[in-house]
């Protein structure tokens, strides 16, 4: 089954997704919600950061590189960084990548984080046509085949999980990625690297 390509209605305030399925494919069945994804950093930290991101967004790739190289080594033991899905309508493969991200998170947390890193590191090389094969190559050492990855698109839980993050983002007025909040989604928002470090330092000092 080919990777599903989502289509998005105009307007970020009220969004609806339609999906094209391979001929004869059954409608995904709803089941219990997925378990929560682990954060980067310390899952027990009192200081929390929420990052709404799009795996195809160049600005998100820059932010992720900064997070990995600078922020996590310095603050990772004292802060929990929660990643939230917000694929943008102008991008061609980020929604499907987010569905795969949820599938990987449900199977192996290391693969989940590896997929996020991979998408940002290889953003310019990924296309809608090669997305599934690249994901399968990354997942193979974890015992997941291309067929298993394709089955993720027949499980409504993964779509619902992505849409839940998007709905939250829409409610709090997100219109770009990355959008970064301290404490809670919709809380104090930061827009630059310097502003983020200053705000994070203040939060840590206050706690």
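Some observations on this one:
- Residues (crowded, with 18+ Cβ neighbours inside 10 Å and either out of contact with any strand residue (DSSP E or B) (no Cβ under 6 Å at 6 or more places or on another chain) or not in a loop (DSSP other than H, G, I, E, B) (or both)) located in the range 164-188: 165, 166, 169, 179, 180, 181, 182
- The set of residues from the range 111-133 being in a helix (DSSP H, G or I), within 17 Å of the chain's Cα centre (by Cα) and over 20 Å from residue 39 (Cα atoms) comprises 131, 132.
- Taking the numbered list (1) modelled with pLDDT under 95; (2) crowded, with 17+ Cβ neighbours inside 10 Å; (3) farther than 14 Å from residue 53 by Cβ in turn, residue 131 passes all entries but (1).
- When residues in the range 58-84 are screened for being assigned to a helix (DSSP H, G or I), surrounded by 20 or more Cβ atoms within 10 Å (Cβ to Cβ) and either in contact (Cβ under 8 Å) with a residue 40 or more places away in the chain or in contact with a helix residue (DSSP H, G or I) (Cβ under 9 Å, 6 or more places away or on another chain) (or both), 6 of them pass.
- Answer residue from the range 85-98, given it is in contact (Cβ under 8 Å) with a residue 24 or more places away in the chain and surrounded by fewer than 23 Cβ atoms within 10 Å (Cβ to Cβ) and is farthest from residue 206 (Cα to Cα) among those: 92
- Of the listed requirements (1) in a strand (DSSP E or B); (2) at pLDDT below 95; (3) surrounded by 16 or more Cβ atoms within 10 Å (Cβ to Cβ), residue 34 misses just one: (1).
Residue by residue, here is whether (1) farther than 21 Å from residue 195 by Cα; (2) part of a loop (DSSP other than H, G, I, E, B); (3) modelled with pLDDT of 95 or more; (4) within 19 Å of the chain's Cα centre (by Cα) holds:
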| site | (1), (2), (3), (4) |
| --- | --- |
| 7 | yes, no, no, yes |
| 22 | yes, yes, no, no |
| 91 | yes, yes, yes, yes |
| 101 | yes, no, yes, yes |
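The values are calculated or read from the model by the stated rules, or taken from the named source; none is laboratory data. Quantities reported herein were computed from a predicted structural model and do not represent experimental measurements. Neighbour counts are summed over all protein chains in view; Cβ atoms, including those assigned to glycine, are modelled from backbone coordinates with ideal geometry.
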